[in-house]
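Enquirer: This is the structure I want to talk about, given as structure tokens.
A short reminder: the numbers here are calculations on the coordinates, not readings from a lab. Keep in mind the model is a prediction, meaning the values are calculated, not measured. We place every Cβ from the backbone using ideal geometry, glycine too, and count neighbours over all the protein chains shown.
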Amino acid sequence: MGPLAALIGDWQGEGGLDTAFSHSKQKVLDTPFSEKVAMKPFGPVDNGRQHLYGLDYKTAMWRGDEEDPFHTEVGYWLWDAATGEVLRGFVVPRGITVLAGAIGVAADATEFTLSATTGGELYSIAENQYLRANASTVSYEVTITSGDDTWSYHETTMLRMKEFPELFPHVDHNTLTRA
Ligand code: HEM
């Protein structure tokens, strides 16, 4: 499982923070959140000579004591030991799919960064028509840091939004411990 071995299991984190433009408040908000993540290992998946191992994952985030999560993702992490390629393919249920990746990651790496760009040749982002016109994702980057029974992510999603002349950095981070 290479660097994905440290991510196997059920996780929770209370100290998440999201920075996004709130349409209801018409301003940029920093929102604390709690999170539950499940990562289940599988493999091998063979593409000819390529042998991938992976994790299927689900994550959900809540603000305060609200019942329904305000953000969810489903997807897969994949590891190709032959090339040190790590992939994260996932869906954000706003009409966005992401395949982010990196090549040359060490099997025992405790920190690695994956990225994707819209229109990217290899690692790319697809989105719906409304988002393309109003809040288009131009790039996505996530850095994972793993330790003993804990891991963290820090991710930046750059958005071209109607509300701002410059690209807007939509930022999320959290630290997870075993549930
Ligand atoms: C921890 C992960 C994430 C959380 C908690 C989160 C949360 C949010 C929140 C609260 C908003 C503001 C909605 C509103 O009030 O109008 C938002 C907007 C948005 N998010 Fe995320 N997000 C996360 C990750 C992502 C990722 C990975 C992507 C894409 C790759 C993404 C794409 C977007 C887009 C395109 C919008 C703009 C929607 C609009 O302005 O109409 N988000 N997100």
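Enquirer: Can you find even one residue in segment 156-163 that is farther than 17 Å from residue 96 by Cα, more than 14 Å from the chain's Cα centre (by Cα) and within 13 Å of the ligand (Cβ to nearest atom)?
Expert: Taking every residue of segment 156-163 in turn, at least one turns out to be farther than 17 Å from residue 96 by Cα, more than 14 Å from the chain's Cα centre (by Cα) and within 13 Å of the ligand (Cβ to nearest atom).
Enquirer: So, in segment 132-179, of the ones that are assigned to a strand (DSSP E or B) and charged (D, E, K, R), which residue ends up surrounded by the fewest Cβ atoms within 10 Å (Cβ to Cβ)?
Expert: That would be 178.
Enquirer: Same structure again: Could you run through segment 107-131 and say how many residues are assigned to a loop (DSSP other than H, G, I, E, B), under 24 Å from residue 40 (Cβ atoms) and of a type outside the set (Asp, Glu)?
Expert: Within segment 107-131, residues that are assigned to a loop (DSSP other than H, G, I, E, B), under 24 Å from residue 40 (Cβ atoms) and of a type outside the set (Asp, Glu) number 4.
Enquirer: Touching a residue at least 40 places away in the same chain (Cβ under 8 Å), touching a helix residue (DSSP H, G or I) at 6+ places or on another chain (Cβ under 8 Å), more than 10 Å from the ligand (Cβ to nearest atom) and not in a loop (DSSP other than H, G, I, E, B), is that true of residue 4?
Expert: It is false that residue 4 is touching a residue at least 40 places away in the same chain (Cβ under 8 Å), touching a helix residue (DSSP H, G or I) at 6+ places or on another chain (Cβ under 8 Å), more than 10 Å from the ligand (Cβ to nearest atom) and not in a loop (DSSP other than H, G, I, E, B).
Enquirer: Could you run through segment 107-146 and say how many residues are over 14 Å from the mean Cα position of the chain (by Cα), more than 10 Å from the ligand (Cβ to nearest atom) and hydroxyl-bearing (Ser, Thr, Tyr)?
Expert: 2
Enquirer: Can you confirm whether segment 11-30 contains a residue that is over 19 Å from residue 156 (Cβ atoms), in contact with a helix residue (DSSP H, G or I) (Cβ under 9 Å, 6 or more places away or on another chain) and surrounded by 18 or more Cβ atoms within 10 Å (Cβ to Cβ)?
Expert: No, that holds for no residue.
Enquirer: Then there is this: Tell me, please, whether a residue that is farther than 20 Å from residue 58 by Cα, among the β-branched types (Val, Ile, Thr) and either more than 12 Å from the ligand (Cβ to nearest atom) or part of a strand (DSSP E or B) (or both) can be found in segment 92-106.
Expert: There is at least one residue in segment 92-106 that is farther than 20 Å from residue 58 by Cα, among the β-branched types (Val, Ile, Thr) and either more than 12 Å from the ligand (Cβ to nearest atom) or part of a strand (DSSP E or B) (or both).
Enquirer: If you check every pair at least six apart or on different chains, which have Cβ atoms under 7 Å apart with a residue in segment 62-89 that is within 27 Å of residue 117 (Cα to Cα) and more than 12 Å from the ligand (Cβ to nearest atom) first and a residue that is in a strand (DSSP E or B) and charged (D, E, K, R) second?
Expert: If the second residue must be in a strand (DSSP E or B) and charged (D, E, K, R), the pairs left are 74/58; 76/56; 77/88.
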